[in-house]
Each structure stands twice: as structure tokens, then as C-alpha cells.
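Notes follow once the structure below has been shown.
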Amino acid sequence: MMSPCNHESLLSVAGLSVSYGGKALVLSGIDLSVGKGEIVAILGANGAGKTTLIRAISGLLKLHGGAILAGQIKIGADDTTRLAPETIVRLGLGQVPEGRLVFKNLTVEENLDVGAAVLPREKGRRTMAAVYHLFPRLAERRTQLAGLMSGGEQQMLALGRALASSPRLILVDELSLGLAPLIVRDIYAQFKTIRSEFGTSMLIVEQNARLALDVSERAYVLERGEVVLSGLSADVATSARIHESYLGVQAEASHG
């Protein structure tokens, strides 16, 4: 296990334990951090607790029948453990949810407007302009209904909508799900640009372990609701446990 992040923590999770309906713990004693300017990956099989962790951080857990039994979540100096989702957004958290969840009956520009709504009007305009610069395809389709876009374009829009709120930290949940590998690589290629141009840190949950480890500085591995491995992404990638459980499977699939 690694020592805590040396960077100034933007997100810190300490001793987090979560259950649904008062039953068995889904998360147990989770400790993790994301430093300013960091990209951090969360890896784990289905059922490991990754989505529950994202829900707890974003304030959406209660909407899904979950409850935090112990622990603390902080964004910067602010304790956000039990704050409402809209309050957490205003403190600088953006999210790209699993399944994209764009507003299909709204245009590209209207979707971005939703993201920018938490900002003063002029700052929102500047942020949206930066999103269009990052994703020219969105600029080309700004008047198109989101529901008529391809899956890859919708994923760009979901990421752009999160960026439009000028967040300090973005949670990215299973970005690659249901998308062609080439499209996923194109979007992931923008992550370090997002960090440098928007000043945004990222916590990514990703089923494609190789991709997540390539783009991130540090990684945590969840199994049955507990952190079983953490460290520099380069070190985690060389772990026999990771290679056998994730990377080996992906390597076999790519040659199958």
C-alpha cells in the first residue's frame, strides 16, 4: 500500500463505509485521495463497489437507497459527506455518469448551458467556448439534438457538460462502456489537455484497466468493497494481481 498523496488534497475520503437498506457493507473503510492536478484511477470488477463510491462522493447515494455509516468525504477544506448533490456541484465537483445521460431532447448547446448554469453568465460563456475548442465536433453540432448523436459524440458531450461548470474535480464513471476502442482512445487522449487547460483533476472509474493505468498517475483497486491495492499507476500495472485479474484478460481478448 502506498503512502498518502504528497500533493495538496483536492478530494479526500477517510474511513468510508456504506450500505444499502441497512444490510451488509458495500464499502468498508475506504481511504483515498486525489491531489490538485492529479488523474487517479479506480479499478475493480463488477460489484466491487466502484459505482457506490462515485455516488457517495457526488452526493447521489441517498437517491439510490444507500447510506454512509461511517467516514468523511472532503473537497478541499469542505466536508461534503452528507451535502446535497447541487451543493457539491457548486463546491467544484463535476461528473460524467455511466451511460452518459445527456439530455436527449436538448441540443448540444443547451446541454452545455445546463452545465454552465452554476457559473456567472460571462464565465459560463468562456467555459463553453473552451469546451468547443477542446471538442470541435461539438461546435459543429451545437444546434443538433443530443439524442441524434452517436454514442461517442454523446460521451464527448457528457464530458463537455461536466467541464462547462468549471469544476475543480471531475468524476468519470465507465467512459468506455459501449464505445468503440478507437473513439475511447480519442477521448482519453484529451484528459491531460483537460488537466492543463482547465486546471481540472480527475477521478476515473474504468473497466479498461490498461487505458486507465496509462492515463493516470495513481490507482486504487477495489475488491468486495475494500481497497486491496494502491500506488503509482506504473507500479500497479506491474502487479501480478492486476495482470492476472485485468490486464491478462484484456490481452487475451484483444488476440481472440
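The values are calculated or read from the model by the stated rules, or taken from the named source; none is laboratory data. What you see is a predicted model, and the numbers here were worked out from it, not measured in a lab. Note that each Cβ is placed from the backbone with ideal geometry, even for glycine, and that neighbours are counted across all protein chains shown. With ligands, DNA and RNA removed, areas are computed over all heavy atoms of the protein, side chains included. Shrake-Rupley method; radii C 1.70, N 1.55, O 1.52, S 1.80 Å.
Odds and ends about this structure:
- Within the set E98, E86, the sole residue that is at pLDDT below 95, open to solvent by 10 Å² or more (accessible area, probe 1.4 Å) and closer than 30 Å to R210 by Cβ turns out to be E98.
- Qualifying residues in segment 11-25 (those that are of a type in the set (A, V, I, L, M, F, W, C) and at pLDDT below 95) - the one surrounded by the most Cβ atoms within 10 Å (Cβ to Cβ): L25
- Residue selected from segment 109-156 under the condition at pLDDT 90 or above and β-branched (V, I, T), by the criterion nearest to E98 (Cα to Cα): V114
- K74 vs. criteria assigned to a helix (DSSP H, G or I) and either modelled with pLDDT under 90 or open to solvent by 30 Å² or more (accessible area, probe 1.4 Å) (or both): no
- Subset tally (residues that are surrounded by fewer than 21 Cβ atoms within 10 Å (Cβ to Cβ) and part of a strand (DSSP E or B)) for segment 43-61: 0
- Failed criterion for G65 (all others in (1) under 26 Å from S176 (Cα atoms); (2) in contact with a Phe, Trp or Tyr (Cβ under 9 Å, 6 or more places away or on another chain) hold): (1)
- Meets criteria (touching a residue at least 60 places away in the same chain (Cβ under 8 Å), under 19 Å from the mean Cα position of the chain (by Cα) and crowded, with 22+ Cβ neighbours inside 10 Å) for V40: yes
- Residue in segment 214-226 that is among the hydrophobic types (A, V, I, L, M, F, W, C), free of Cβ contacts under 8 Å to residues at least 12 places away in the same chain and farther than 22 Å from S58 by Cα present: no
- Neighbours by Cβ (under 8 Å, 6+ apart or cross-chain): first from segment 227-256, among the β-branched types (V, I, T); second at pLDDT below 85 and in a helix (DSSP H, G or I): V228/R241; V236/I242
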